[in-house]
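Single-structure report; data block below.
The values are calculated or read from the model by the stated rules, or taken from the named source; none is laboratory data. None of these values were measured; they are calculated from a predicted model. Cβ atoms come from the backbone with ideal geometry, glycine included; neighbour counts cover every protein chain shown. These area figures cover heavy atoms from the full protein model, side chains too; ligands, DNA and RNA do not enter into them. Shrake-Rupley method; radii C 1.70, N 1.55, O 1.52, S 1.80 Å.
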Amino acid sequence: MSKTNTGRFFEDYRLGEMIDHAVPRTVSGGERALNHMLYPARHALYSSDAFAQGCGLSASPLDDLIVFHIVFGKSVPDISLNAIANLGYADCRWLAPVWPGDTLRSTSEVIGLKQNSNGKSGVVYVRTTGTNQHGQEVLQFVRWVMVRRGDPDAPAPETVIPELKDSVAASDLVVPKGLDFTDYDFTLAGEPHRLRDYTVGEVVDHVDGVTVEEAEHMLATRLWQNTAKVHFDATAREDGKRLIYGGHVISLARALTFNGLANAQMLVAINGGAHANPCFAGDTVRAWSEVLDTAPLDAPGVGAIRLRLVATTGGEVGALKGDDGKYLPHVLLDLDYWALMPT
Amino acid sequence: MSKTNTGRFFEDYRLGEMIDHAVPRTVSGGERALNHMLYPARHALYSSDAFAQGCGLSASPLDDLIVFHIVFGKSVPDISLNAIANLGYADCRWLAPVWPGDTLRSTSEVIGLKQNSNGKSGVVYVRTTGTNQHGQEVLQFVRWVMVRRGDPDAPAPETVIPELKDSVAASDLVVPKGLDFTDYDFTLAGEPHRLRDYTVGEVVDHVDGVTVEEAEHMLATRLWQNTAKVHFDATAREDGKRLIYGGHVISLARALTFNGLANAQMLVAINGGAHANPCFAGDTVRAWSEVLDTAPLDAPGVGAIRLRLVATTGGEVGALKGDDGKYLPHVLLDLDYWALMPT
Amino acid sequence: MSKTNTGRFFEDYRLGEMIDHAVPRTVSGGERALNHMLYPARHALYSSDAFAQGCGLSASPLDDLIVFHIVFGKSVPDISLNAIANLGYADCRWLAPVWPGDTLRSTSEVIGLKQNSNGKSGVVYVRTTGTNQHGQEVLQFVRWVMVRRGDPDAPAPETVIPELKDSVAASDLVVPKGLDFTDYDFTLAGEPHRLRDYTVGEVVDHVDGVTVEEAEHMLATRLWQNTAKVHFDATAREDGKRLIYGGHVISLARALTFNGLANAQMLVAINGGAHANPCFAGDTVRAWSEVLDTAPLDAPGVGAIRLRLVATTGGEVGALKGDDGKYLPHVLLDLDYWALMPT
């Protein structure tokens, strides 16, 4: 029997099954520093303990996307090693901050299965949960991937497609305990704009561009212990190109939003997202945002802003899809998320 | 109104104005490890808690150039985003060590203004100060940049050019509290040479060369949260080249000086400096130093050495300027600084 | 007199001489995070404090190869700066875990000398020891290098060749104090295979490949404060190529073994090793292992597995040498080591 992981096939998943993902991870100030090194990240709450304390937290938590990448990365060997395509995510919510010293684990529940009509593959829906060393849930998201069948004779499972909301309701957003933007320091945060200064439909061009090198995306993807072959092995794809991990593009684009959205401090939910086109080394990544919604929240001085974040390799700001309804070739990412902002 | 920062223009500065720069930063052991990864840094006092404790400090402080880069980086969006040229620095002094866990902030005072005769730009002089979370000043320096005018009809300000010393007097150098080189361990430090072994006019060839990659300088410059476009965006310059942040060359060259100046432990002042020629990926950076002065100091066993640090991409050691008085094309950096050395 | 280190020549070594290597180093969570970033490292005991505590340790120690690289790197300026070749290592044992906050030092004893018959060089054997800030030994290894003679007239030393064992006996392996695999969590570790599931002679293909970039190996080698010129200076070799530090290949290959040897948690000894062929940027590194031996140990639930780790740039799994007895051109590394595994 081979001792190496060849990944699961479609027929290996059972509805309701819980999968414990391997390799828990303790994070430290090292991961925080690396996040600054890998992405042009400048949101003050993730940069300064003093600033975070001024916002009612005990210290600066780890960037929300660090948590996302680590929890996601752990699920790759069990969920997407044989994936033909990552089809989407939904209902992603951050549930508690992660601090230096915390240890993260990740588990997934199979919540839906649908064999494709060609019988050669199927769609697996999982709800992945990240927990800390106290068993407290820190992140939860649903994703669905198309997975190959290994055994052509295995019976097809009953089709179950989970009901997924189009977006997380503002009332379901979890505000970190103690968060208080009453004494928020707009000068140190970098911009004066508060929630009421943004109007639905407004588009913000984040101006800057970052050219990506092979070494950079591989360093990042490894840091999150995501070991999917296509990101690291130049011989894995026919065109000899390494595919940049989609999450790397998310972190790059989110960091670029500082210029215009410096006060969209904490991510609290991702409503959905699409990696519209692959990103490769040599691409210069740019970003623009569209304000989709705003909502009041219970925490003092804290409101929510819903944003579409679009990463591109150029093209016109605001242009997303062509007449055929397909993403324009220069669009890399179309992400719909909620962030917390002072009111 | 655009929400993104387009930077200040010459007419936006007022003499005596204080500018609080955004995005305070908490540093940790992560930044120290990264400094070792990015530069061939081997000075023992910044590498080992035990060695620093043997020199009277409570632990190993963060490398002085980490502090410089972070404080400088914060000032970029307010001072040099529309800069045509970084003209110089002067009177740079480190005032207190920075420890893991400290949070750094940065402010600048406008101390001089001089509109150029063409009316299209002007020179802005600022004194930038870095402070820690206790409000204690850790670094101060003056720099002056040429900035574009945005509004051609704005009135020219009164010309005020600050008086700047050619160099920091030895009596103005601040020695970290408690520093004591009486029991200095020359073996662990790496070289036997003490202050009296260096003579004014002596030139030291630091021998080693380091070839720079695009990924490396971008990782470093991002780590210091310096987001100036030309360093990251291959499409920003007509020649398609990314300009390497001048501070990256300073850190590289300073690290190379270990070989011959292993006991020039702490930087205490920069008297002045010029980025003689731009540095690009693919360059192999070398360094040589000239001893400019030495001075006794009050702390036990501690003296000061004034050094010219020249970074090059080759050429003859000791060769700096041509017959025309201009820097030779292979000279990248000409930096004049004071460091502390056992006597 | 030149102040820079030109390295020692063969005639500068004396049998029995103790050399204290410079630049002690304090490690932190930063180094741990960087190890994850530089290598696809996933062994759970080095990733999670909680997992390590479940194995009887107080926290997750630093990866054994971090310790090896740091202790080795310190010896380079005194031992191998003028080396013509690194000939081999033997009798390498880890003696105690290294924790964040520890400060590492390195010393070498000259245990053998043999002038070559051509009189132009000689072989120097040293036993290098790494110690922590408490003076406790954490690592010890023997290596031998061929070093140039500087002075043709210096007398040849008496030839002394140390007796070196072919391998470390299982009874000489040092198990970290408190290590207990009785409640080992195979799910979190990533694989179900325990010591008895491996049979001597079994070959494991670790499947994945990692393409190496110049920036990556230079970042790594600098992090370990190994400043040997050939790794950093593109002008140092006639072919303009930078040679990748052999230890970088060891760490890459060891990390790749996770897939198939996830439970070979801690390295306790290296019996010997050869860098069969040089590695350069652009190479895609793969790995396979052969089980050489297994042995019971005294600690609860802990056994030892002896493995041959072969790093390659392709070729057939299991193929090592040609008919001429020489390593095949695609073989980079042939390493023989002991690791601890749950029984």
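For this structure, a couple of remarks:
- Options B:207, B:212: the member that is within 14 Å of chain C (Cβ to nearest Cβ), open to solvent by less than 40 Å² (accessible area, probe 1.4 Å), of a type outside the set (Phe, Trp, Tyr) and in contact (Cβ under 8 Å) with a residue 12 or more places away in the chain: B:212
- Residue C:254 vs. criteria open to solvent by 10 Å² or more (accessible area, probe 1.4 Å) and part of a helix (DSSP H, G or I): yes
- Output for the stretch C:230-251, where each listed residue is within 13 Å of chain B (Cβ to nearest Cβ) and either touching a Cys at 6+ places or on another chain (Cβ under 7 Å) or in a helix (DSSP H, G or I) (or both): C:230, C:231, C:248
- Looking only at the stretch A:82-99, and only at residues there that are part of a strand (DSSP E or B) and small (Gly, Ala, Ser), the one that is nearest to residue A:337 (Cα to Cα): A:90
- Single residue of the stretch C:160-178 satisfying the filter (among the small types (Gly, Ala, Ser) and not in a loop (DSSP other than H, G, I, E, B)) that is surrounded by the fewest Cβ atoms within 10 Å (Cβ to Cβ): C:171
- Considered as a group, the residues in the stretch A:10-21 that are out of contact with any Lys or Arg (no Cβ under 7 Å at 6 or more places or on another chain) and within 14 Å of chain C (Cβ to nearest Cβ) include one that is nearest to residue A:154 (Cα to Cα), and that residue is A:17.
- Unmet criterion (only one of (1) farther than 27 Å from residue A:62 by Cα; (2) buried (at least 24 other Cβ atoms within 10 Å of the Cβ); (3) more than 10 Å from every other protein chain (Cβ to nearest Cβ)) for residue B:7: (2)
- Condition check for residue B:271: touching a strand residue (DSSP E or B) at 6+ places or on another chain (Cβ under 8 Å), away from chain A (no Cβ under 14 Å), on the phi < 0 side of the Ramachandran plot and not in a loop (DSSP other than H, G, I, E, B): yes
- Considered as a group, the residues in the stretch C:75-130 that are within 25 Å of residue C:177 (Cβ to Cβ) and within 11 Å of chain B (Cβ to nearest Cβ) include one that is most open to solvent (accessible area, probe 1.4 Å), and that residue is C:105.
- Counting only residues that are among the charged types (D, E, K, R) and either in contact (Cβ under 8 Å) with a residue 24 or more places away in the chain or surrounded by fewer than 20 Cβ atoms within 10 Å (Cβ to Cβ) (or both), the stretch B:215-232 holds 2 of them.
- Flag for residue C:70 being among the aliphatic types (A, V, I, L, M) and open to solvent by 10 Å² or more (accessible area, probe 1.4 Å): no
- Residue in the stretch A:235-245 that is under 19 Å from the mean Cα position of the chain (by Cα) and surrounded by fewer than 24 Cβ atoms within 10 Å (Cβ to Cβ) present: yes
- Residues (in contact with a strand residue (DSSP E or B) (Cβ under 9 Å, 6 or more places away or on another chain) and not in a loop (DSSP other than H, G, I, E, B)) located in the stretch B:179-215: B:186, B:187, B:188, B:189, B:195, B:196, B:203, B:204, B:205, B:210, B:211, B:214
- In the stretch A:270-308, the qualifying residues are those that are polar (S, T, N, Q) and open to solvent by 10 Å² or more (accessible area, probe 1.4 Å), and the one that is nearest to residue A:139 (Cα to Cα) is A:294.
- Any chance residue B:157 is part of a loop (DSSP other than H, G, I, E, B), of a type outside the set (Gly, Ala, Ser) and surrounded by fewer than 20 Cβ atoms within 10 Å (Cβ to Cβ): yes
- Output for the stretch A:120-160, where each listed residue is hydrophobic (A, V, I, L, M, F, W, C) and farther than 30 Å from residue A:304 by Cα: A:123, A:124, A:146, A:147, A:154, A:156, A:160
- Hits in the stretch A:13-28 (condition: small (Gly, Ala, Ser), in contact with a Pro (Cβ under 9 Å, 6 or more places away or on another chain) and open to solvent by 20 Å² or more (accessible area, probe 1.4 Å)): A:28
- When residues of the stretch A:40-58 are limited to those that are facing another protein chain (nearest Cβ under 7 Å) and more than 29 Å from residue C:59 (Cα to Cα), the one surrounded by the fewest Cβ atoms within 10 Å (Cβ to Cβ): A:40
- Residues of the stretch A:151-189 satisfying the condition of being modelled with pLDDT under 95 and small (Gly, Ala, Ser): A:154, A:156
- Residue C:1 modelled with pLDDT under 95, over 23 Å from residue C:121 (Cα atoms) and either open to solvent by less than 10 Å² (accessible area, probe 1.4 Å) or outside the structural domain of residue C:224 (by TED's automatic domain parsing) (or both): yes
- Within the set B:195, B:188, the sole residue that is surrounded by 13 or more Cβ atoms within 10 Å (Cβ to Cβ), within 14 Å of another protein chain (Cβ to nearest Cβ) and within 15 Å of residue B:296 (Cβ to Cβ) turns out to be B:195.
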